[in-house]
Structure formats: structure tokens, C-alpha cells
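Structure first, commentary second.
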Amino acid sequence: MDIRIEKTDRAIEKAFLELRSKKCRWKKIKIKDLCALACVNKSTFYAHYEDIYALSSRLEDKLIADILASVSAVELYPVRTEVLTRELFRAFVQNKTAVNILFADSRQGIFANRIEKGLRERLTAQDPTFANDLKRGILLSFCVQGCFYAFTNNSSRMDEKHLVDLLAEIARAAQKIKM
């Protein structure tokens, strides 16, 4: 890709995130304000994105892909659920600002569901029997959803190391439950 195109994309994305962090709803962001902050013309914006929804969707997709790419412990699942939980938590922490901006309020559930869906797809590709294994599927839901909501609701109330250790211990215990 042309370096000028990449630079323009980054400027637009950065401006969107900055405006989105200041405004409670991304639907309130005006293209005019976004272009002024990114130092691009409206025609340049529309050459890169169909509309504000396409920009938001692209940023969400990139964030989800980055987080999923940073989780390598999927190959260890379900034998080492605590490792998967630790990696998920660390990925959430490393991307906390972007997660909080792009998936604020009622969109938090969408984020957790997309992460879970991505991991399910990887696990099914790795082992096709995963798709029909209810226990492993429920355990994955517990690890992803539980880790995300514990991160969201408690990361400011408990230091990261203790919280991730607790989540890993819970995941290890859940893994041992017989169905």
C-alpha cells in the first residue's frame, strides 16, 4: 500500500478515536469535524471510507483481529485454560483505551461476543470436534466472557497481577468440573 494512503488512514483513524473519546456516541461525530482534526478534505475521507459507520467498523475489526492475534494459547485450550485466560486479560489491558472507546456502554457485549466467536473459529479449525463439544464451548464462553467482564468491572479496583491470578485460578477450577 502507498505510504501516503497509510498515513491518511492513520490520521483519519486517530482523529476518529480522539473525537469518539470526547463524545459519548460516535453517531454524533461530524465528518467535517473529523476531517478538520485529521487535516484532510471531505473528499479524501470519502475516498477512504464510505461513511462514519464504515470507519468505525474497520477500527473495530482491526482491534478484534489484533487481540485475537495476540492470543497464542488457543492451541493449549482446554488443557491450560488458565494460560488462555491470562493471555486474554493481558490483551484486554494492552488495548484498554481502544476497547473503551470503540465498545463503550451497551457495545461491551458485542466486543466480548466477537472475541469469543473468533476463538471458536480458531478452535474449530484446529479441531473440528470442538464445534459440537458443549463442555468445551461453555468453558470457552466462561473464560472469554468472565475474563472480559472481570476486567471491565474490577481492573480499577484490584491490581492487575492479583486479578489475573484470580481469573486464572477460577479458569483452572472450572476446567476440572465434570459434565
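For the residues Leu167, Leu68, Leu134, a GNM of the chain with alpha-carbon springs under 10 Å puts the largest fluctuation on Leu134.
Partners of Lys14 within straight-line reach, counting aspartates and glutamates whose Cα lies under 20 Å from its Cα and excluding those fewer than 8 residues away in the same chain: Asp2, Glu6, Asp33, Glu50, Asp51, Glu60, Asp61, Asp66. Straightening the chain between Asp105 and Ile138 buys 9.4 nm, computed as 0.36 nm per residue apart minus the Cα-Cα spacing. Here the simple spin-label model places points 7 Å from the Cα toward Cβ, and for Lys117 and Ala173 these points are separated by 3.2 nm. Both the radius of gyration and Dmax for the chain are 18.7, 60 Å, in that order, over alpha-carbon atoms. Annotation for Glu50 and Lys22: the two label points, set 7 Å from Cα along the Cα-Cβ direction, are 2.8 nm apart. Got a number for carbon plus sulfur as a percent of the chain's accessible area, 1.4 Å probe? Using a 1.4 Å probe with all protein chains present, the chain comes out at 55 percent carbon and sulfur.
Taking segment 1-18 and a reference point 7 angstrom along Cα→Cβ of Cys39, the backbone N atoms nearer than 16 Å belong to 4-16. A helix-only calculation puts the chain at -24000 deg cm²/dmol for mean residue ellipticity at 222 nm, using -39500 (n - 2.57) for each DSSP H run of at least four residues, averaged over all residues.
Each listed q (0.13, 0.26, 0.27 Å⁻¹) maps to a log10 I(q)/I(0) for segment 103-179, found by the Debye formula over equal Cα scatterers with no solvent: -0.46, -1.21, -1.23. For Lys7, go through the aspartates and glutamates and keep the ones whose alpha-carbon is under 12 Å away, minus same-chain ones fewer than eight residues off. Result set, ordered by chain and number: empty.
Ligands, DNA and RNA are left out, and with a 1.4 angstrom probe the accessible area of segment 1-143 is 55 Å² per residue. Comparing Arg136, Arg20, Arg157 in a Gaussian network model of the chain (Cα springs below 10 Å), the most mobile by mean-square fluctuation is Arg157.
The values are calculated or read from the model by the stated rules, or taken from the named source; none is laboratory data. These numbers come from a predicted model, not from an experiment. Here the Cβ is made from the backbone with ideal geometry for all residues, glycine too, and neighbour counts use every protein chain on show. When the accessible area is computed, the model is the full protein with side chains, heavy atoms only, and any ligands, DNA or RNA have been set aside. Shrake-Rupley method; radii C 1.70, N 1.55, O 1.52, S 1.80 Å.
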